[in-house]
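Below is one structure; the comments refer to it alone.
The values are calculated or read from the model by the stated rules, or taken from the named source; none is laboratory data. Bear in mind the structure is a predicted one, so any value in this text is a computation, not a measurement. Cβ placement follows ideal geometry from the backbone for every residue including glycine, while neighbour counts extend to all protein chains displayed.
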Amino acid sequence: MKRVGILWLLLLLFTGVAPALAQSDAGAPARVLGNPDDPNACLKCHDAPKVTSVLHTAHMRETDARTKVATEGCQSCHGDSHEHMARVAEGQKRPLPTFVFNGANISPVVSRNQVCTGCHQGGAVMFWQASPHASSEVACASCHIAHSARDVVLAKTTQANTCFGCHAEQRAASLKPSHHPVTEGQMACSDCHNPHGAAGPHMLKGGTVVDTCLSCHDEKRGPFLWEHAPVQEDCTICHTPHGSVQASLLKQRPPYLCQTCHDSSLHNSQPFSGASLPGGALPSRQMVLRACLNCHSEVHGSNHPSGVRLSR
Ligand code: HEC
Ligand code: HEC
Ligand code: HEC
Ligand code: HEC
Ligand code: HEC
Ligand code: HEC
Ligand code: HEC
Ligand code: HEC
Ligand code: HEC
Ligand code: HEC
C-alpha cells in the first residue's frame, strides 16, 4: 500500500507539478538566477539545500561584476540547458542540463573542465593544460566543491584529505614520524605544489626543488664560504619531502646516507674498525650516535673560516 502511495506521489510530481512549473516559462527564453526579469528559473525546481548552497559562494556574488552570475546565473556552469528546463511531454524523460558535474549522468571530463577554464585561465591555473592532472583527466570538480560555501580544498586544515583520496603513497608518508606539519593543519600540499601545474617539475611552486624548499628554509640558502655540493643541487638527494622514518626527513640514516657518495673506507668508517676491546670490536665514532654528523655538523654548508670540513 505504502509503495503505491509513493508511486502516485512521484507520478504527480513528474507529470503534474514539474511541467506546471516549466509552463510558467513557456514562450519566454530560459531565464536564470540573477536576471532581473526572472531571478529564479532553476531554483523553482531546485530548492534543496545542497543546491541552493551555491548561492553563498564566490561564484554567485551578484555584486561582483566579473562573475557572469549577474547575467547568466546557474547557466554559467551548467550551460544554457534549454531542453532541460522546457516542458516535458507526458511519459518522456526530462533531458539533461547541458553540463552535469556529478552523479550517473556526468558529462565528459574535458567538457566539464572547459566550463571552468572558460573563465579561469591565467594566474594560478596558467599551466593547467600541460599539468599531469589535466593529462590524467582529473576534473576541476574532483578537487573543488562548487556548491559548498566552504570549498574544503582551499583551506589549509582540510586540503590534504582531498589529495589523499587519490595519493595514497603521500598519505602513508605523512604518518611517518618525521614529516612536514601537513596533517597537523599548519601547512598544505599547496605550499609546495601548485595542483594546477607549474613551469618546473612535479608541479612545484618554486620552479625547482631547491627554490621551493628555500622559500621557507632560507637559512640553507647560502652562499656559504664552504659549500656542500649536493645541497645546492637538490635537497631531495638527502631528504624526502612527504615523510620518513629517519629523523629530519632523511632518506637514509647517516653514515649510510653519506656513504652513498663518500667512500666508506674514508678515515676508518667501516662498521667495526679502529680501537678494539678484548672480546669484541668497538664501533667506530663514524658509525655511532649521529655518525658522520658527530663531527661534520654543518652538512648544509659552513661560514666558519676553518669550516672547510663542514665541522663547524
Ligand atoms: C521544470 C523543473 C526544472 C527546472 C526549471 C530545472 N530543472 Fe534541473 N532537474 C529537474 C529534475 C526533475 C531533475 C531530475 C531529478 C533530480 O535529480 O533532481 C533535474 C536534475 C538536474 C541536475 C542533475 C542531473 C543529473 O542527471 O544528475 C542538474 C545539474 C540540474 N537539474 C541543473 C539545472 C539547472 C542549472 C537549471 C537551470 C538552468 C535547472 N536544472 C532547471 C527539474 C528542473
Ligand atoms: C561554479 C559553477 C557552478 C554554478 C554557478 C552552479 N553549479 Fe550546480 N554544480 C556544479 C558542480 C561542479 C556540481 C557538482 C557538485 C559540486 O561540486 O558541488 C554541481 C551540481 C549541481 C546539481 C546536482 C546536485 C546533486 O548532487 O544532486 C544540481 C541540481 C545543480 N548543480 C544545480 C545548480 C543550480 C540550480 C545552480 C544555480 C542556483 C547551480 N547549479 C550553479 C557547478 C556549478
Ligand atoms: C562565468 C565565469 C566562471 C565560471 C564558468 C567558473 N568560475 Fe570560478 N570564479 C569566477 C569568478 C569571477 C570568481 C571570483 C574570483 C575572485 O573572488 O577573485 C571565481 C572563483 C573561483 C574560485 C575561488 C573561490 C573562493 O572562494 O575564493 C574557485 C576555486 C573557482 N572559481 C573554481 C571554479 C571551478 C572549479 C569552476 C568549474 C566548475 C569554475 N570556477 C567556473 C568565475 C567563474
Ligand atoms: C588536484 C586538485 C585541484 C584541481 C584538479 C584543481 N584545483 Fe583549483 N585549487 C586547488 C587548491 C589546493 C587550491 C588552493 C591553492 C592555494 O591555496 O595556493 C586551488 C585554488 C583555485 C583557485 C583560486 C586561486 C586563487 O588564486 O585564489 C581557482 C580559481 C581554481 N583553483 C580553479 C581551478 C580550475 C579552473 C580547475 C580546473 C581547470 C582547478 N582549479 C583544478 C586544487 C585543485
Ligand atoms: C615540503 C614540500 C612538499 C609538500 C608539503 C608536499 N610535497 Fe609533494 N613533492 C615535493 C617534492 C620536492 C616532490 C618531488 C620529488 C620527490 O618526491 O622527491 C614531490 C612530489 C610529489 C608527487 C609525485 C611523486 C612522485 O614520486 O613522482 C606527488 C603525487 C605529491 N608530491 C603529492 C603531494 C601531496 C598530496 C601533498 C600533500 C599531502 C604533498 N605532495 C606535499 C614537495 C612537497
Ligand atoms: C581525482 C584524483 C586526484 C586528486 C584528488 C589529486 N590528484 Fe594529484 N594526481 C592524480 C593523478 C591521476 C596524477 C598523475 C599520475 C601520477 O603521477 O600519479 C597526479 C599527479 C600529481 C602530482 C605529480 C606531478 C608530477 O609531475 O610528478 C602531484 C605533485 C600531485 N598530483 C599533487 C596533488 C595535490 C597537491 C592534490 C590535492 C590538492 C592532488 N594531487 C589531488 C590524481 C589526483
Ligand atoms: C611552506 C614552507 C615550507 C616549505 C616550502 C618547505 N618546508 Fe620544510 N619545514 C617547514 C616547517 C613549518 C617545518 C616544521 C618545523 C618545525 O617543526 O619546527 C619544516 C621542517 C623541515 C625539516 C625537519 C623535519 C623534522 O622532522 O625535523 C626538513 C628536513 C625540511 N623541512 C626539509 C624541507 C625540504 C627538503 C623542502 C623542499 C622539498 C622543504 N622543507 C620545504 C616548512 C616548509
Ligand atoms: C648531503 C645531504 C643533504 C642535503 C643535500 C640537504 N640536507 Fe638538509 N639535512 C641533512 C642532514 C644530515 C640533516 C640532519 C642534521 C642534523 O641532525 O644535525 C639535515 C637537516 C635539515 C633540516 C632540519 C634541521 C635543520 O638543520 O634545520 C632542514 C630544515 C633541512 N635539512 C633542509 C634542507 C634543505 C632546504 C636542503 C636543500 C637546500 C637540504 N636540507 C639539503 C642532509 C642534507
Ligand atoms: C650526493 C652525494 C653526496 C652525499 C650524499 C654527501 N656528500 Fe659530502 N660531498 C659531496 C661532494 C660532491 C663534495 C665535494 C667534494 C670535493 O669538493 O672534492 C662533498 C664534500 C663533503 C665534505 C668536505 C670535503 C672536503 O673535501 O673538504 C664533507 C666533510 C662531507 N662532504 C661530508 C658529508 C656528510 C657528513 C654527508 C652525509 C650527511 C655527505 N657528505 C653526503 C657529495 C656528497
Ligand atoms: C670523529 C670525527 C669525525 C667523524 C665521526 C667523521 N669525520 Fe670526516 N673528517 C674528520 C676530520 C677531522 C677530517 C679532516 C681530516 C683531514 O684533513 O685529514 C675529515 C675529513 C672528511 C672528508 C674530507 C676527506 C678528504 O680526503 O678531503 C670527508 C669527505 C669526510 N670527512 C666525510 C665523512 C663521512 C662520510 C663520515 C661518516 C661516515 C665522517 N666523515 C665522519 C672528522 C670526522
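Over 21 Å from H239 (Cα atoms), among the hydroxyl-bearing types (S, T, Y) and touching a His at 6+ places or on another chain (Cβ under 7 Å), is that true of S131?
yes
Consider A124 carefully, then state whether it is in contact (Cβ under 8 Å) with a residue 40 or more places away in the chain and not in a loop (DSSP other than H, G, I, E, B).
So A124 passes the test.
Any idea which residue in segment 194-218 is surrounded by the most Cβ atoms within 10 Å (Cβ to Cβ), counting only those that are among the charged types (D, E, K, R) and more than 12 Å from ligand 6 (Cβ to nearest atom)?
Let us first name the residues in segment 194-218 that are among the charged types (D, E, K, R), namely 205, 211, 218.
Still in the running and more than 12 Å from ligand 6 (Cβ to nearest atom): 211, 218.
Details: D211: 13, D218: 8.
Within segment 194-218, the match that is surrounded by the most Cβ atoms within 10 Å (Cβ to Cβ) is D211.
If I ask for residues that are out of contact with any helix residue (DSSP H, G or I) (no Cβ under 8 Å at 6 or more places or on another chain), part of a helix (DSSP H, G or I) and modelled with pLDDT of 85 or more, which ones from segment 56-77 would you list?
H56, A58, Q75
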